[in-house]
Each structure stands twice: as C-alpha cells, then as structure tokens.
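The values are calculated or read from the model by the stated rules, or taken from the named source; none is laboratory data. Note that the coordinates shown come from a computational prediction; the quantities given were computed from them, not determined experimentally. Note that we place each Cβ from the backbone using ideal geometry, even for glycine, and neighbour counts take in every protein chain shown. Just so you know, the surface numbers come from the protein's heavy atoms only, side chains and all, with ligands and any DNA or RNA stripped out. Shrake-Rupley method; radii C 1.70, N 1.55, O 1.52, S 1.80 Å.
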Amino acid sequence: MQQLTIFMDIESSRSYIDELYSSEAAKTQEALVTLKNSVIGSNRQKSSVIQQGIVPRLLQLMSDEEIDPNIRLEATITIGSLAKGTAENVNSLVEQGAALALVELLRTVPIGTKLIEAALCALRSIFLHPPAPITTLPADMMLLSRLTQIAREGTPTARACVVRILSIWCGGPLEQEALCAAGACGAAAALLSSRSTPPPARALPALDLLAAMCFENASVSHTAMNTKHGEKTIPELLTFLVSRDKPLPVALGAARCLTFIHRAGALPSDDNRVVFGALPCLARLCTKDMPEDIRATAAETLAYLAEVDTSLQRLAAISNHLMSSLAEIVNCPSAAAKQGAFKCFASLGANDEDIRKRIIETHGLMVHVVNGMNNPEPTVRLAAVRCLHSLSRSVQQLRTTFQDHAVWRPLMQLLNDSPGNELLTVGSSTLCNLLLEFSPAKEPMLDQGAVEMLCNLTKRPEAALRLNGIWALMNMAFQAEQKVKQRILCCLGTEQMFRLLGDSDTRVIMKTLGLLRNLLSTRQHIDAIMGEYSSQVMQAVIVVLEGSYPAEVKEQALCILGNIGDGEKAKDLIMANEDVLRKLVDYLAHPESKLQEAALFVAGNLVWRGEAGAAARQARLADLGVLRALKLLYARHDAKHLHDKVTTALAQFNEFT
C-alpha cells in the first residue's frame, strides 16, 4: 500500500518535476515553487522527492552563479526543507553532497542576502541531525572568519544559524583554536550583549558555542575572559544572565559557560562569578519547580563544577536544599535526570566524609544506586557506579550501609558483563575500595569469580585497568585466609607477576609488590607460600633490588624480604642467598633514609634471638658485614631517628650485649 502511494505521488508530480530541467527560467522557478510547497510538512513527500533522484538537480540550480538568483534561492530553500525530514533523508542529502555544496555557497554569496540565510538554515538543519557531517566544514581561516562576520553582522536568523552550526562543529582543540583565532569569542559576546536580556533564540546558540569553545581549553577560556563587547567582558555578560529573572535555558547556558571557563583554569574557584554566580544558579535550577530537562543538565553541570574542588563541594552541599533536590531528580523517569543526579552526588562526596554521610542518609538513596546499576541505560549505570565509587571512600559506610545493601552484587554483575572501558575502570576502582574493609563480602565475591576477573584486568593494555586489577588483588590479599592467597597466586601466575614488575607504570609495580607483601604476611602463610614459590619470589625481589627502580619501589622489595625473614623456615631462603645478604649490607649504608629503615627491618627479623638457628644466622651476617653496617648506621648523625631500631637489632647479637 505504501509503495502504491509513493508511486501515485511520483506520477502526480511528474509534470512539474520535468519542468525542473526546462531551459526556460520561468518554468524552472514555477516548478521549484510547486516542489517546495509539496514537501513542506510531509516526510512522505520529502522521501518521495529524494527517491526520484532530484537532489543533484537542486544542488546544481543552487550552486550555479550564472542563473537567476531567485531560482538559486528556491532551490536552496527546498534543500533546507528536505533536510528537516527523517534521519534517512538527511543521510541521503549528505551522501549526495548537499552539505559540501552549502558550505561552498557560504564562501561566495554576499552577506546579508536571502540566499546566504537560506543556505545557513539548510546547513543548520543538516547539522542538527547526528552525527553532523563536520568534516564538510574545513578549519579554513578565510571561511571561518567569514562565518564569524555573519555572526556579528548578518540578519538575526543568519546569526542564530551560523552560531548553532559552529557550536556543533566545535568538537575539539583544533576547532576551538581555529574559531578563537577567527574571532568567534567576539561574535558570541556581541550576541549576548543587550540593554535588556537577549532573546533566547539569539542567546542560546551563542552560549552553546562559547561553552563548546571553552571546554577544557585554557587558552580559549583566557581569551574569553578578556573579550569585551562594549564595556562588558564575557564573564560579566554571563554573570548578568545567571540571575533569577532570566529565562531558564539562558541562565543554565550562562552557568555552563562560567563552569567551563573555571574548569579550564581561567577563573579561580573563589571568584565571585563562580561562588555567587554559577554555583547558586545551578543549585536553584535543580529544585523541583524546574522542568525535568533543566534539572538534569543543571545537576550534571554542577557535578562538573564541583568535581575537583573541595571548597565548592562543601558550598554546593549546603546550597538551596541541594541534597533533597538531587534525591528527587533520581526519581525522575528520564535517564538524563538520573545520570545528572548520580554524577552530582559523586562529585559532592568525592572528598568530605561529612558530606558522604549526609548523602548516604538521604532517604532511599542506596536503593536508587543499586537500581541505577541495573538500569537498561548504559549512561545511568555508569553514573550510578561513579556515585558508588565516591561513597566507597568512606570506611565507616563500607562496614555498615554498603554491607546492608549488598552493593557488591550488582557491581560484580556489571563487571562480569563485558562493560566498556570507562565503566570497567570506575567499577574496578570501586571494587578496590570494597575489598579494602569489606571482609564480609570477600567470600561471596570470590564465588562470583572476583579473583579471575581481577587477574584478567592486570593483562589489559590500559594502565588504569592494570592498576585497578592489581590494587584490588592487593586489597583482597590483606589479612586474607591462606586459601584465598593461594588462589590469587595460582590464578595470577608468576609469569604475569614478573610482567607487572616490569610495567611502564610505577604505580602498577608498587601495587604488585604490595600484593606480594600482603601474601607474605603471618608466619604460617609465609612458610607455606615460600615453600611453593620461593625461587620466583626471591627472583622478583632481586630483580627490583638490582634494577633502576625509584627508591619507594626498592623500599617495597626490602619490606617483602623483611616479611620473608619473619617466616620460621622461609628466613633460611634469604640466608642461603649471599647476593641478597650483600645487598642488605649495601642498603644499610644507603643515603636514602627509607631504604636504610627497610633494610634494618630485614636485618632485625633475621638476627632475632630466641629462634631456632639464631646464633648461626648472627655469625653468618656478622661475617658478611651486617653487624659492622649496623654499628656504622648507629654512629651516623643523619640517622638518629633510627637509633632505637638499630639498638634493638644490635642487642640481638650475643657479642654486643
């Protein structure tokens, strides 16, 4: 039936479509007007026209500088109408070169004409359909300068269109810098300047462009700080627009710009335009009287504003009943609202324990977080995990609230379902915190395959995932039962441990050594593990002690030796390795105090009297120079803080008492 309808449309329009190819200008123009009128408001007619292959003829008529300007205008308006159709319609136009042809038109058509306005309207319609064909607009300075000139001097419609196009096009540092050089900051300021409030149709595209240009770009943000229109700088114009009497979308857009300028480093966190401008405006826009879309964007923007600054987090937490507002936003049906609220909670609780406590005490929030991790929308799941990660920094809550709600269940489920890298990174970071003090959940997490999953993370190419994997394993091994430690060692494997000790990221090396320290704790466990893995563990320690590692890494290796030296049988493995014992003497005389102290820890455990074989170990260590090194360390003026520990070690030697 649909095919028959399209066929009838084609047949009924055949006569005027044929006239599009007429050599007579009047007939061509009349056909264009008829065609334009037929497609206005009808996606079916738009699709029919595109299917008939008329677009190339329209582009030819639009682009030909030799023909009647009115024909070019009608052809451009028709292309613009077709661009307001379905996504398939727009994709077809782009594939046939409509966006490129419109951009070329913008290079040559005089500013202020109806034709350039129609071309801008058509290109805006195409760009509003994601993904926008941004590659059709090159970072050409002459073209961009012309477009920013239109933004300053064109008709109101042309100005709004060009700024909207540029705001969509501006997707990274290259575009940001090019637009800044072409004078786009000045153009945006001109659109925001008015004796009264600029109309939203003019202000909103300018605010979006300014936000896109300043996002994470320090140099552009500093340029914006110093750009004036009349007597007012851009920050002054923005501060005027965040006040209560301004249209909500305009106030929100201005607050976003101030937020991005601050986060780019051009506006300090204690600046009045942040403290009394952007922040209270965003908190107000989160309240229940506001439309849901406004609340969602305001919450997400406020999350970004306060994300890294403790003073702003504390200020936001007491602003305009924000906690209650965010709790209500979580209940909103839209994914964007839930995402914004979870992100904001995550930012507020990033550093302050009191704020975390208030967030967790917010009625029903933990239930919402758990539900959020099960939400069908990936963006909501990610935001819920971010919120959980922030709250998991609280040791008190790890022992109480988190256990009550079994938050590890949905988290483990998420991490086992092959999530994207971002969710995997945040989720595994959260797991590190849960494992730190979350011993009641260790057993069920083991049953869910936590060890295997974390070991697999250590093999990932992304440093952040390798770090989280080995960090979580280190936490899991802390005060763990021997069977858990054996499972970690068996699953990780010594080959992978050696790879991690050669990692390009020092933090990964440190956590790998931290894992070894935790595995080699408590005498029974030390002897059991060294009985099975002694050669590999000793080799790992020697690799670090002999390698060109930072002092803090070598310190960890010495501490592992110290733990081994606390084993009943394991200490014999150190005593049997003369290379290690000679290195111990070297490190007792090392200029780095932390390495002296770590070596002292090893020596103290090896010479401890009252244990089987102590006298023989003391004699052997004295022969190799350990006793002499301890005496020299005791005499050093720069090691006075170690005197008590040195005295304790020396007191173990029979000849020193």
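What size of dipole, in debye to the nearest 20, comes out for the chain about its Cα centre when the only charges are +1 on Lys and Arg C-beta atoms and -1 on Asp and Glu C-beta atoms?
On the way: 64 positive and 68 negative charges, 245 e Å.
About 1180 debye.
Given 0.36 nm per residue, what is the gain on full extension from Tyr21 to His321 after removing their alpha carbon distance, in nm? Walk me through the intermediate numbers first.
On the way: separation 300, 0.36 × 300 = 108.00 nm, distance 6.61 nm.
Using 0.36 nm per residue and subtracting the Cα-Cα distance, I get 101.4 nm.
Roughly speaking, to the nearest percent, how much of the chain's 1.4 Å accessible area is carbon and sulfur?
Details: 14460 of 28010 Å².
Heavy-atom surface of the chain belonging to carbon and sulfur, 1.4 Å probe: 52 percent.
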How much mean residue ellipticity at 222 nm does the chain get from its helices, if each DSSP H run of length 4 or more adds -39500 (n - 2.57) and you divide by all residues, to the nearest 500 deg cm²/dmol?
-22000 deg cm²/dmol
Any idea of Lys36's accessible area? Nearest 10 Å², probe 1.4 Å.
40 Å²
Using the charge dipole of the chain (Lys, Arg: +1 at Cβ; Asp, Glu: -1 at Cβ; taken about the Cα centre), state which of Ser311, Ile529, Thr135 has its Cα farthest towards the positive end.
Ser311
Can you give me the angle between helix 156-169 and the longest principal axis of the chain, using Cα atoms only, in degrees from 0 to 90, rounded to the nearest 10?
30 degrees
With a cut-off of 8 Å between alpha carbons and a minimum separation of six or more residues, what is the relative contact order of the chain in percent?
5 percent
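Please state the charge dipole magnitude for the range 567-634, taken about the Cα centre, from unit charges on C-beta atoms (+1 on K and R, -1 on D and E), reported in debye and rounded to the nearest 20. The partial results should precede the final answer.
Numbers: 10 positive and 9 negative charges, 32 e Å.
Dipole magnitude for the range 567-634 comes out near 160 debye.
Determine, from the Cβ-Cβ distance of Asp579 and Arg57 and an R0 of 60 Å, the FRET efficiency 1/(1 + (r/R0)^6), rounded to the nearest 0.05. Before the final figure, lay out the partial values.
Numbers: r = 85 Å, r/R0 = 1.41.
The calculated FRET efficiency here is 0.10.
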Among Met213, Ala118, Ser347, whose Cα projects farthest towards the positive end of the dipole of the chain, with charges put on the beta-carbon of Lys, Arg (+1) and Asp, Glu (-1)?
Ser347
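Pick out, in residue order, every one of the chymotrypsin sites (Phe, Trp or Tyr not before Pro) in the range 296-367 that is DSSP loop and has at most 12 other C-beta atoms within 10 Å; say none if there are none.
Details: sites: Tyr304, Phe342, Phe345; in loops: none.
The qualifying sites: there are none.
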Separation between Cα centres of the range 516-569 and the range 434-504, rounded to whole Å
17 Å
Given Cβ point charges of +1 (Lys, Arg) and -1 (Asp, Glu) and nothing else, what value in debye, to the nearest 20, does the dipole of the range 113-184 about its Cα centre take?
240 debye
Angle check, please: helix 506-519 long axis (alpha carbons) against the longest principal axis of the chain (alpha carbons), in degrees 0 to 90, nearest 10.
40 degrees
What's the extension gain from Arg523 to Glu88 if we count 0.36 nm per residue and subtract their Cα-Cα distance?
149.6 nm
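What FRET efficiency comes out for Leu624 versus Lys459 if R0 is 45 angstrom and r is the Cβ-Cβ distance? Round to the nearest 0.05.
Working: r = 40 Å, r/R0 = 0.88.
Working from the Cβ atoms, E equals 0.70.
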Helix 626-635 against the longest principal axis of the chain: what's the angle in degrees, Cα atoms only, rounded to the nearest 10?
70 degrees
Set the Förster radius R0 to 30 Å, insert the Cβ-Cβ distance between Thr310 and Phe498 as r into 1/(1 + (r/R0)^6), and round the FRET efficiency to 0.05.
0.15
Rg to Rh ratio, the chain, alpha-carbon atoms and Kirkwood radius?
1.14
With only alpha-carbon atoms in the gyration tensor, what are the semi-axes of the equivalent ellipsoid for the range 21-163, in Å, largest first?
23, 18, 13
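With a cap of 12 neighbouring Cβ atoms within 10 Å, and only residues DSSP puts in a loop, list the GluC sites (Glu not before Pro) found in the range 50-101. Could you put the intermediate results ahead of the total?
Working: sites: Glu65, Glu66, Glu74, Glu88, Glu95; in loops: Glu65, Glu66.
Filter output for the range 50-101: Glu65, Glu66.
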At 1.4 Å probe size, with no ligands or nucleic acids counted, give the accessible surface of Asp623 in Å², nearest ten.
130 Å²
Given the candidates Thr287, Gln652, Gly547, the one whose Cα lies deepest towards the positive end of the charge dipole of the chain, counting +1 at each Lys or Arg C-beta and -1 at each Asp or Glu C-beta, is Gln652
